[in-house]
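Some notes on the structure that comes next.
Bear in mind these aren't lab numbers, they're just calculated from the coordinates by the rules spelled out. All values derive from a computational prediction rather than experimental measurement. Neighbour counts run over all protein chains shown; Cβ positions are idealised from the backbone, glycine included.
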Amino acid sequence: MSELTVAQIDKLLSFRGYGNPNGKFWFVGMEEGGSSDFEHLRIRAEKFEPVEDLAESHKNFVGHDMARLSTSTWRLMSSIVGRIQGVQNWWDTEFARSYQSRCLGRRDGETYLTEILPLPKKRINDWPYRKLFDSPVDYRNSVLPDRRKVLRFEYQSATPKHKFVFCYGKSFWDEHRAVFDFVEFRPGVDGQVEWASNADSVIILTKFFDYGPTGFTQQFVNRVCELALLNSND
């Protein structure tokens with residue numbers, strides 16, 4: 001970590017996301033996933049633009065193949081897009097992997113993947129950045145005000161506006177609400193989500209994108225997408 005220059009650190013902190021900020025689908029997470037090892041950080045600092053193409057940028061990492069590499073977040077994003085667009089096999093693993101490798105987070109595509117916090121970590125409770133910030137609280141206090149402004153500006157300046165915005169990670173709902181502070185959120189899906197809408201978008205706050213009995217089941221994704229479609233002007 002001490003080998004990173006000030007310019008490289010600034011580059012990491014200014015990373016905004018993957019895909020098309022003018023895309024139909026926005027996915028707003030908690031923080032950038034990935035390795036915090038020095039070599040991975042160096043690659044991001046030297047080769048990543050503020051907004052990247054997901055598949056092209058991950059070619060920089062040895063062993064990353066979007067045709068087979070799969071996280072629960074990317075698979076669920078792909079399934080959500082498929083369900084909203086009326087794809088018959090939207091829940092199938094084959095569809096999710098195909099969409100992930102060809103379409104998810106592409107520079108000129110329909111999706112934009114961004115985060116509240118920019119520095120990559122493998123797990124939310126890890127803290128590998130002690131040489132940059134004294135604590136996670138110090139990190140959040142330092143970067144969150146500007147991150148809120150950047151995300152809000154990206155939303156407001158997008159042309160055309162995004163039809164569907166999914167913010168995931170319940171522990172970050174306060175931050176998601178702070179970004180989209182121009183709409184009023186209300187409970188939905190038996191209190192498992194919150195949602196809001198305006199003339200352009202439906203914005204939904206959900207739990208973290210993960211599988212399992214308490215995570216995202218096919219029935220839960222279907223209900224969330226039905227809520228989004230019912231309240232959309234699409």
Quiz item: Given the rule -39500 (n - 2.57) for each run of at least 4 DSSP H residues, summed and divided by the residues of the chain, what is its mean residue ellipticity at 222 nm, to the nearest 500 deg cm²/dmol?
Solution: -11000 deg cm²/dmol
Exercise. Just grab the label-to-label distance for D108 and R42, each label 7 Å out from Cα along the Cβ direction, in nm (one decimal).
Key: 3.4 nm
Quiz item: Under 25 Å from the Cα of K161, which lysines turn up, not counting those fewer than eight places away in the same chain?
Solution: K24, K149, K170, K207
Self-check item: Partner aspartates and glutamates for K122 [C-alpha distance under 12 Å; skip if fewer than 8 residues away on the same chain]
Solution: E31, E32, D37
Exercise. Only loop residues by DSSP count here, and only those with at most 11 other Cβ atoms within 10 Å; note down the chymotrypsin sites (Phe, Trp or Tyr not before Pro) in segment 88-141 that meet that.
Key: none
Exercise. For R186 and S232, calculate 0.36 nm times their separation in residues minus their Cα-Cα distance, and state this gained length in nm to one decimal.
Key: 15.0 nm
Quiz item: Counting GluC sites (Glu not before Pro) as exposed when in a DSSP loop with at most 16 other beta carbons within 10 Å, what is the longest stretch of the chain free of them?
Solution: 4-183
Quiz prompt | Residues with amide H under 5 Å from that of L117, placed H, sequence gap 5 or more | solution = E31, E32
Self-check item: segment 107-143 versus segment 73-104: alpha-carbon centroid distance in Å
Solution: 26 Å
Quiz item: If you line up the long axis of helix 38-47 against the longest principal axis of the chain, both from Cα atoms, how many degrees apart are they, to the nearest 10?
Solution: 70 degrees
Practice problem: Quick one: check the C-alpha center-to-center distance for segment 176-208 versus segment 1-29, whole angstrom. | Solution: 24 Å
Quiz prompt | Relative contact order for the chain, counting Cα pairs under 8 Å that sit 6 or more residues apart, in percent | solution = 25 percent
Quiz item: Angle, helix 218-230 long axis vs. longest principal axis of the chain, Cα atoms, 0 to 90°, nearest 10?
Solution: 80 degrees
Self-check item: Cα centre as origin, Lys/Arg/Asp/Glu Cβ charges: segment 6-230 dipole, Debye
Solution: 120 debye
Self-check item: Quotient of Cα Rg and 2.2 N^0.38 Å for segment 1-116, N being how many residues it contains
Solution: 1.10
Quiz item: Under the Kirkwood approximation for Rh and a Cα-based Rg, what ratio Rg/Rh is obtained for the chain?
Solution: 0.95
Quiz item: Counting every Cα pair in segment 89-213, what percent are over 25 Å apart?
Solution: 36 percent
Exercise. Name all residues of segment 21-56 having a backbone nitrogen under 19 Å from the label point set 7 Å from the Cα of F153 along its Cα→Cβ direction, giving them as ranges.
Key: 21-23, 49-52
